[in-house]
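Chemist: Quick one: this structure, given as structure tokens, is what I'll be asking you about.
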Amino acid sequence: MIHVKHVIVSLSAALLLAGCANTPQPPLYSWGDYVKSSTRYGMDGHNKEVLEQHSAELKKIIDESEMNKQKVAPGIYAEYGQILYETGKKEDAKRYFMLEQTTYPESAIFMSQIMKKLYGEG
Amino acid sequence: MKRLLSIGFLTLTAFLLTGCGQTISQVSKGEFYPKVYAHQPKSILVLPARNTTTSVDATDHFRYTITKPLAEQGYYVFPVHLVDAFFKSENLTDPEMVRQIPVKKLKEIFDADAVLYVDINTWDTGYTVFSSNVDVGLSFSLVDTKTGEEIWQNNAYAYSYQGLDGNNGLAGLIVSAIATAINTGTDYTALAYTANNVGSRQLPQGVYGRAYQKDMEEKIAILDSARLENGKLYVDEYFISGIKTEGKVPLKVRQYQKGYFAFPVNNLNFFQHNGYSNYYVTQEINGKKFLRNRFFQYENGFPYLLANGKKVFVFAESDGTIPHSEENGKYYFQIDHIVDLKTQPKS
């Protein structure tokens with residue numbers, strides 16, 4: 001029985017931590033249905049319907065963030081650019097790759113590599 | 001979650017009233033995760049997850065669902081699908097090959113400050129007529145790309161419980177049983193997200209987080225799973241061997257409530273270890289293999305437990321196993337060295 005008690009107390013301690021140490025903060029970014037949509041795209045991105053749904057979800061997230069004057073979450077511009085490129089909208093895609101780069105300087109080197117690969121420039 | 005919380009509080013209160021003398025170590029995040037503050041990575045590249053369990057079909061869910069939790073902790077997370085496309089264009093299609101790339105090389109390509117390795121090392125399923133559960137255990141390891149040092153590690157445990165909702169009473173039972181017969185499916189995306197979320201939340205916040213650097217002083221209280229006495233580190237027997245019950249999971253302590261739940265492991269023994277058939281997991285980080293006991297914390301690669309407000313590092317064999325001794329039915333570990341924490345223990 002003592003074990004069970006230990007167990008439960010540990011659990012409550014963990015919950016206390018989760019519950020009190022950090023009062024819940026609003027999220028930093030808008031994500032819409034990103035988690036599900038991105039996973040589906042990752043597992044089944046060749047499916048045209050899945051690709052279109054994810055593309056629409058990303059656009060929605062971008063629009064929503066901009067409307068709320070929120071920074072767009074890391075990677076969203078780049079991922080949207082990637083889908084635009086895949087669907088033949090190469091020049092639009094470039095704009096979003098560059099948006100990722102300017103919004104998040106951390107991505108600068110990687111985005112230049114990508115653009116070099118896709119457009120043959122730096 | 002709310003219900004879970006109130007039950008937790010009640011149980012804790014009840015337990016405190018019984019007056020058992022178990023100690024809690026209070027530790028600041030700065031003391032608990034010193035290397036994250038020392039290196040302050042801004043960007044994280046998540047590598048393909050490695051799955052050492054029998055479930056092969058769930059692996060990718062873990063990779064795709066970690067972006068949001070890490071970004072919400074304030075880090076720049078490299079866009080996973082674009083990263084994958086990049087590796088593919090370099091003919092690196094095998095996830096294992098990607099994990100073998102030295103972190104220095106990854107720094108060159110991505111300019112990532114840190115690389116995250118995720119290991120899926122527990123996968124258990126349980127079924128009854130009325131319910132199904134899936135349990136998953138994860139290990140996270142964050143490596144600084146400049147030095148190759150591991151700057152953070154953590155374990156997380158999550159489970160899904162589907163089917164009969166124990167809180168619905170008898171009427172609910174019948175309704176649920178019918179519903180269960182139709183569908184007891186677990187949504188792997190939800191399960192993976194839940195596990196990743198709880199794991200990531202332990203990480204001190206990154207540059208875009210509201211509490212960036214401020215959370216250094218934030219206190220974490222962790223119930224000691226070990227006692228420091230006469231130069232030895234004592235633990236209960238179940239810490240060594242678990243409760244050796246026969247048969248599959250379901251675990252002893254869980255809410256019979258539908259949904260997805262997760263816990264950081266942090267030496268908590270609330271599962272009586274039923275969920276883990278082995279305590280040791282092999283992690284391969286930056287091309288090197290490590291055997292680790294998931295109930296210990298690791299700093300500079302050395303295992304410790306918190307006890308009486310101290311980090312008590314224990315002796316480990318060169319292969320990573322942590323030997324224990326038994327004396328008069330009491331179990332203990334050999335102490336390697338002790339680091340006192342500034343934050344005072346609370347009993």
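Chemist: Within 13 Å of chain B (Cβ to nearest Cβ), in a helix (DSSP H, G or I), within 19 Å of B:Lys88 (Cα to Cα) and at pLDDT 95 or above: is that true of A:Leu58 in this structure?
Modeler: In short, no.
Chemist: Another question about this same structure. Tell me which residues, restricted to the stretch A:58-106, are among the hydrophobic types (A, V, I, L, M, F, W, C) and open to solvent by less than 70 Å² (accessible area, probe 1.4 Å).
Modeler: Matches in the stretch A:58-106: A:Leu58, A:Ile61, A:Ile62, A:Val72, A:Ala73, A:Ile76, A:Ala78, A:Ile83, A:Leu84, A:Ala93, A:Phe97, A:Leu99.
Chemist: Could you tell me which of the residues B:Gly163, B:Gly247 is surrounded by fewer than 18 Cβ atoms within 10 Å (Cβ to Cβ), more than 14 Å from every other protein chain (Cβ to nearest Cβ), modelled with pLDDT under 85 and closer than 29 Å to B:Asp119 by Cα?
Modeler: When all the criteria are applied, what remains is B:Gly247.
Chemist: Would you pick out the residues in the stretch B:188-223 that are in a loop (DSSP other than H, G, I, E, B), among the aliphatic types (A, V, I, L, M) and closer than 15 Å to B:Phe32 by Cβ?
Modeler: Across the stretch B:188-223, the qualifying residues are B:Leu203, B:Ala211.
Chemist: Scan A:Glu106, A:Glu100 and give me the residue that is touching a strand residue (DSSP E or B) at 6+ places or on another chain (Cβ under 6 Å), of a type in the set (Asp, Glu) and under 23 Å from B:Ala114 (Cβ atoms).
Modeler: When all the criteria are applied, what remains is A:Glu106.
Chemist: Cβ-Cβ under 6 Å, sequence separation 6+ or interchain: first residue in the stretch A:97-111 and among the charged types (D, E, K, R), partner open to solvent by less than 30 Å² (accessible area, probe 1.4 Å). Which pairs?
Modeler: A:Glu100/A:Tyr77; A:Glu100/A:Ala78; A:Glu100/A:Ser107; A:Glu100/A:Met111; A:Glu106/B:Ser43; A:Glu106/B:Tyr76
Chemist: Helices (runs of 4 or more DSSP H) wholly in the stretch B:40-150 with at least 1 residues that are of a type in the set (Lys, Arg) and more than 22 Å from the chain's Cα centre (by Cα) - which ones?
Modeler: Those helices (runs of 4 or more DSSP H) span B:80-89, B:103-110.
Chemist: I'd like to check something: does the stretch A:16-29 contain any residue that is open to solvent by less than 20 Å² (accessible area, probe 1.4 Å) and either modelled with pLDDT of 95 or more or among the small types (Gly, Ala, Ser) (or both)?
Modeler: There is at least one residue in the stretch A:16-29 that is open to solvent by less than 20 Å² (accessible area, probe 1.4 Å) and either modelled with pLDDT of 95 or more or among the small types (Gly, Ala, Ser) (or both).
Chemist: Confirm whether B:Leu142 is within 14 Å of another protein chain (Cβ to nearest Cβ) and within 25 Å of A:Ala73 (Cα to Cα).
Modeler: The answer is no for B:Leu142.
Chemist: May I ask you to list the residues in the stretch B:220-238 that are among the β-branched types (Val, Ile, Thr) and touching a His at 6+ places or on another chain (Cβ under 9 Å)?
Modeler: B:Val235 - this is the single residue of the stretch B:220-238 that is among the β-branched types (Val, Ile, Thr) and touching a His at 6+ places or on another chain (Cβ under 9 Å).
Chemist: On to the next question. If you go through the stretch B:213-226 one residue at a time, how many are open to solvent by 50 Å² or more (accessible area, probe 1.4 Å) and either at pLDDT below 90 or within 12 Å of another protein chain (Cβ to nearest Cβ) (or both)?
Modeler: The total comes to 3.
Chemist: Quick one: would you say A:Leu11 is at pLDDT below 95, of a type outside the set (Asp, Glu) and buried (at least 21 other Cβ atoms within 10 Å of the Cβ)?
Modeler: Spelling it out, A:Leu11 is indeed at pLDDT below 95, of a type outside the set (Asp, Glu) and buried (at least 21 other Cβ atoms within 10 Å of the Cβ).
Chemist: Here is a further query. Return the residues of the stretch B:85-100 that are modelled with pLDDT under 95 and closer than 25 Å to B:Trp152 by Cβ; say none if nothing qualifies.
Modeler: Matches in the stretch B:85-100: B:Pro95, B:Glu96, B:Met97, B:Val98, B:Arg99, B:Gln100.
Chemist: Scan the stretch B:184-212 residue by residue and report those that are under 13 Å from the mean Cα position of the chain (by Cα), open to solvent by 20 Å² or more (accessible area, probe 1.4 Å), under 23 Å from B:Asn133 (Cα atoms) and modelled with pLDDT under 90.
Modeler: none
Chemist: Go through the stretch B:21-31 and report how many residues are modelled with pLDDT of 90 or more and in contact with a Pro (Cβ under 9 Å, 6 or more places away or on another chain).
Modeler: Residues in the stretch B:21-31 being modelled with pLDDT of 90 or more and in contact with a Pro (Cβ under 9 Å, 6 or more places away or on another chain): 2 in total.
Chemist: Restricting to the stretch B:64-73, give me the number of residues that are more than 7 Å from every other protein chain (Cβ to nearest Cβ) and open to solvent by less than 10 Å² (accessible area, probe 1.4 Å).
Modeler: Residues that pass the stated criteria total 3.
Chemist: Another question, if that's okay. Within the stretch B:264-289, restricting attention to residues that are at pLDDT 70 or above and buried (at least 18 other Cβ atoms within 10 Å of the Cβ), which residue is nearest to B:Thr122 (Cα to Cα)?
Modeler: B:Val281
The values are calculated or read from the model by the stated rules, or taken from the named source; none is laboratory data. Keep in mind it's a predicted model, so treat the numbers as computed, not measured. So basically every Cβ, Gly included, is an ideal-geometry build from the backbone, and we count neighbours across all protein chains shown. Quick note on the areas: whole protein, heavy atoms, side chains included, nothing else; ligands and nucleic acids left out. Shrake-Rupley method; radii C 1.70, N 1.55, O 1.52, S 1.80 Å.
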